[in-house]
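Worksheet for the structure shown next.
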Amino acid sequence: MNYIVDLKDVSDTDRPMVGGKASKLGELVRGGLPIPPGFVVTTDAYRAFVATPKLAEALRSSLGRLDPTKSESVDAASRAIRTAFEATDFPPDLRRSVVEAYESFARTHQVRFSAVRSSATAEDLEGASFAGLQDTYLNVTGTEEVLRMIRRCWGSLFTPRVIAYRARKGFDHGEIALAVLVQKMVDSVVSGILFTRDPNTGENRMIIEAGWGLGEAIVGGEVTPDHYVIDGTSQAIVQKQLSEQKVRIVRGEGGGNRHEEVPERLRSAQKLPDDRIRTLASLARRIESHYRRPMDIEWCADGEGLYVVQARPVTTIPGSSDSLGSSSPAPSPAAMSSAPPTPASAPASDEPILRGFGASPGQASGTARILHGAADMDKLRPGEVLVTSMTTPDMVPAMAHAAAIVTDEGGMTCHAAIVSRELGVPCVVGTRSATKTIADGSEVTVDGKTGAVYRGKRSTVQAESPAAALAAAGYATAGHHSAPVTATKIYVNVGVPEKAAEYAQLPVSGVGLLRIEFIFTAHVREHPLKLLKEGKREELVRRLADGIATVCQAFHPRPVSIRTSDFKTNEYRGMPGGAEFEPMEENPMIGWRGCSRYIAPIYRPAFLAELEAIHRIRTERGLKNAHVMLPFVRNTWELEEITQMMREAGLRRSRDFQLYLMAEVPSTVLLAREFSQFCDGFSIGSNDLTQLVLGADRDSETLGRMGYFDERDPAVLRAIELLIEGAHAEGRTVGICGQGPSVYPEFAEFLVRRGIDSISLNADTVVPTIRTIASLEQRMKLEAMRRP
């Protein structure tokens, strides 16, 4: 029996033995990335442990008495089994193997604290909507404590929800297995993020943010990090802004996190030395070259080394069709100062009163309203400037109404920066003293590109809406006849409903994607199943209907495609009440999401509430431009059940009500003609389609670094061709919603030449993409005229 495997010896082919989490991390180690070391207690070890007589008998006895239809029976079985796991001694040979592995690991890598992490096997995940609720334990120290946490990880295979699910599905409890990954925890002295391209301007320069202690303080906006800029061409450090940091998050004495004061001598010191900045930049260049796109990288460092803990594509770079952009001029000598930005004591009328980090581009003026938390949101009126120490998720509805946002704390990855970029609201973070320098009710002007805040309303600094940008580019807005005409219909994606009136000014054919999840987070603000459990169904339906109606009214009579909820378990466990209903999944991207939720008995009532909200605005408010789009469709038999549910809710396909399917799973491509019998058209979700056609996890750093994840791959392009051919043969339309056509002009050209019917875009990319499509279609006409 192979009980122990070193993480550095693990590859993706070892998944049945080490589980998905460990196999992925092993691949990253093999790819040369600095990953904290560790070892895996394999599924063979689990099987040997559960074969001990007392535990085997406890399993047989508890499961033999189990009635999966009664919650009290399931709870009793779970308690008995998990208690038995913790009370069972390791078989001598297994204990010896684990102890020797841990002690050798601890000696070799000088381990003080470990992370003990469950790693589920691929077999456990296959066909399971609930992949399990296996546990992870951090900052574990000592041999006996590690052994205890391994037992607790194994016992977490028998939580009440997992027992009930496996029983209902007829899964054999004796066939399951779980590996456990024991990994060294990095005692972070400094941590932060790195953008390989400026996410605010798209310029060819790296942005690094660094803060003392664990990275949670930066992401949560509790501190303002140092800000370093590296020129993309010369690789020189061209700008350093050092921020004072008074507190940091560190490991507690017995494990866990705690806040502590930063020593006086370190508060204003440079967090990351120049040599480590250069090392980090070199590593980032390597990652970007493999991914072939700008990257957002999370990193941490202890006293010995630098570690990469996450890497993902940057998706918010504005105004550039070239994903790698072009180099920007070096900043002036004044920008090379290492001093942090400070407010001017007596500024002239043309001088800023505050400087911070430009976190979301754009310029706007308005009345400043100081908010001290979510409880003050009602004080902010639409069009005012939100000023606060730091935003929180509860403040998103207010942020959507704000003309601009200014914060005391935070860097380019704090909550305020991320949400502002998504909302298209100008934002300046890390000013240190906005809530003290700006008077409540005063007029201010915010420049989200330069990070400057001015007193008064400056006529030379104007906010530019998408419609204004279009007019500046020489195009008219929707109310005029001179807007360019393209054979390919252009739609716009809408997130928060509050932006609908502004986006409706654009010369688009309608809304190609209205994500109902944004309405849940901005209008409902609680997990739908929590509201239903509390008897608040009418409140849920009303809130959904109000949010959807806001968009449909703004665009009426142009069509609005409402994508019903595509909750992923990892994203929505954090919603109020979500932890009770959302399972932990090893790979939620291909887990319990999309249509599979709607036919699950537990979620069906929530889906019916969505359908009722849509039916209500069509019948009671006369908004017949509301149509439905179903996400992550896997097969036709689930569509049969869902369309029957829709008919019973009063939503039947007709001339004035259309049903669309997201084409994200290869089955919809291969059986496009069969799926066409259930819909009026398809909308390609290129990220998911790429992931599933190529078998490349879109979240895998290794595969992305090696260039596997690329929506321009010939196999993905062929899949799109097959979909268009099959759908058109049945008289169905095909569109695409995503950033691909705006980021890659050659991808847009491919789509248009293959006869795509529509492209739906984020509002800020509508202007350049209309230019691209109009120019391409004109070129295609000229090419056709020249043919003999």
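Of all residues in the stretch 614-624 being in contact with a helix residue (DSSP H, G or I) (Cβ under 8 Å, 6 or more places away or on another chain) and at pLDDT below 95, which is nearest to Phe678 (Cα to Cα)? Step by step, filter the stretch 614-624, then rank; the result is Lys624. Within the stretch 179-198, residues that are of a type in the set (Lys, Arg) have Cβ atoms under 7 Å from residues that are in a strand (DSSP E or B) in these pairs: Lys184/Gly38; Lys184/Ser114; Arg197/Asn204, counting only partners at least 6 apart in sequence or on another chain.
Candidates in the stretch 241-287 are the residues that are among the basic types (Lys, Arg) and over 20 Å from Leu306 (Cα atoms); of these, the one that is surrounded by the fewest Cβ atoms within 10 Å (Cβ to Cβ) is Arg265. It is to be established whether one or more residues within the stretch 585-606 are among the hydroxyl-bearing types (Ser, Thr, Tyr) and farther than 23 Å from Glu534 by Cα. There is at least one residue in the stretch 585-606 that is among the hydroxyl-bearing types (Ser, Thr, Tyr) and farther than 23 Å from Glu534 by Cα. Restricting Val734, Val767, Val716 to those that are over 27 Å from Lys499 (Cα atoms) and touching a helix residue (DSSP H, G or I) at 6+ places or on another chain (Cβ under 6 Å) reduces the list to Val716. Total residues in the stretch 517-530 satisfying the condition of being under 11 Å from Leu544 (Cβ atoms), surrounded by fewer than 23 Cβ atoms within 10 Å (Cβ to Cβ) and modelled with pLDDT of 90 or more: the figure is 0. For the stretch 157-171, the criterion of being modelled with pLDDT of 90 or more, open to solvent by less than 20 Å² (accessible area, probe 1.4 Å) and part of a helix (DSSP H, G or I) is met by no residue.
Regarding the stretch 635-657, can at least one residue be identified that is of a type in the set (A, V, I, L, M), touching a strand residue (DSSP E or B) at 6+ places or on another chain (Cβ under 6 Å) and touching a residue at least 24 places away in the same chain (Cβ under 8 Å)? Let's see the steps before the verdict.
Restricting attention to the stretch 635-657, the residues satisfying the condition of being of a type in the set (A, V, I, L, M) are 639, 642, 645-646, 649, 651.
Of the ones still in play, those that are also touching a strand residue (DSSP E or B) at 6+ places or on another chain (Cβ under 6 Å) are none.
For the stretch 635-657, residues of a type in the set (A, V, I, L, M), touching a strand residue (DSSP E or B) at 6+ places or on another chain (Cβ under 6 Å) and touching a residue at least 24 places away in the same chain (Cβ under 8 Å): absent.
In the set (1) surrounded by fewer than 23 Cβ atoms within 10 Å (Cβ to Cβ); (2) at pLDDT 90 or above; (3) over 25 Å from the mean Cα position of the chain (by Cα); (4) of a type in the set (A, V, I, L, M), the condition left unmet by Val508 is number (1). Note on the stretch 531-580: among residues that are open to solvent by 10 Å² or more (accessible area, probe 1.4 Å), under 19 Å from Cys595 (Cβ atoms) and not basic (Lys, Arg), the one that is modelled with the highest pLDDT is Ser561. Within the stretch 563-599, the set of residues being of a type in the set (A, V, I, L, M) and more than 20 Å from the chain's Cα centre (by Cα) comprises Ile599 only.
Counting only residues that are assigned to a helix (DSSP H, G or I), surrounded by 15 or more Cβ atoms within 10 Å (Cβ to Cβ) and in contact with a helix residue (DSSP H, G or I) (Cβ under 7 Å, 6 or more places away or on another chain), the stretch 57-94 holds 13 of them.
What are the residues in the stretch 261-279 that are in contact with a Lys or Arg (Cβ under 8 Å, 6 or more places away or on another chain) and either of a type in the set (A, V, I, L, M) or in contact (Cβ under 8 Å) with a residue 40 or more places away in the chain (or both), if any? Reasoning before the result, please.
First pass over the stretch 261-279, keeping only residues in contact with a Lys or Arg (Cβ under 8 Å, 6 or more places away or on another chain): 261-262, 267, 270.
If the condition is that a residue be in contact with a Lys or Arg (Cβ under 8 Å, 6 or more places away or on another chain) and either of a type in the set (A, V, I, L, M) or in contact (Cβ under 8 Å) with a residue 40 or more places away in the chain (or both), then Val262, Gln270 are the ones that fit.
As for the stretch 770-779, it holds no residue that is modelled with pLDDT of 80 or more, open to solvent by 50 Å² or more (accessible area, probe 1.4 Å) and outside any helix (DSSP H, G or I).
Can you find, within the stretch 118-142, the residue that is modelled with the lowest pLDDT among those that are within 30 Å of Arg107 (Cβ to Cβ) and touching a helix residue (DSSP H, G or I) at 6+ places or on another chain (Cβ under 6 Å)? Show your work before the answer.
So the first thing to find is which residues in the stretch 118-142 are within 30 Å of Arg107 (Cβ to Cβ), and the list is 118-121, 134-142.
Now restrict to residues that are touching a helix residue (DSSP H, G or I) at 6+ places or on another chain (Cβ under 6 Å): 118-121, 134-135, 137, 140.
Details: Ser118: 83, Ser119: 82, Ala120: 75, Thr121: 70, Gln134: 62, Asp135: 74, Tyr137: 77, Val140: 85.
Ranking the candidates gives Gln134 first.
Limited to the stretch 741-755, what total is found for residues that are open to solvent by less than 10 Å² (accessible area, probe 1.4 Å) and in contact with a strand residue (DSSP E or B) (Cβ under 9 Å, 6 or more places away or on another chain)? Show your work before the answer.
Of the stretch 741-755, the ones open to solvent by less than 10 Å² (accessible area, probe 1.4 Å) are 741, 747-748, 751.
Now restrict to residues that are in contact with a strand residue (DSSP E or B) (Cβ under 9 Å, 6 or more places away or on another chain): 741, 748, 751.
Selection size over the stretch 741-755: 3.
What number goes with the only condition from (1) out of contact with any helix residue (DSSP H, G or I) (no Cβ under 6 Å at 6 or more places or on another chain); (2) at pLDDT 85 or above that Ala115 does not pass? For Ala115, the exception is condition (2).
The values are calculated or read from the model by the stated rules, or taken from the named source; none is laboratory data. Source: prediction; values computed, not measured. When we count neighbours, we look across all protein chains shown, and the Cβ atoms used for this are built from the backbone with ideal geometry, even at glycine. Just the protein is used for accessible areas: all its heavy atoms, side chains included, with ligands, DNA and RNA removed. Shrake-Rupley method; radii C 1.70, N 1.55, O 1.52, S 1.80 Å.
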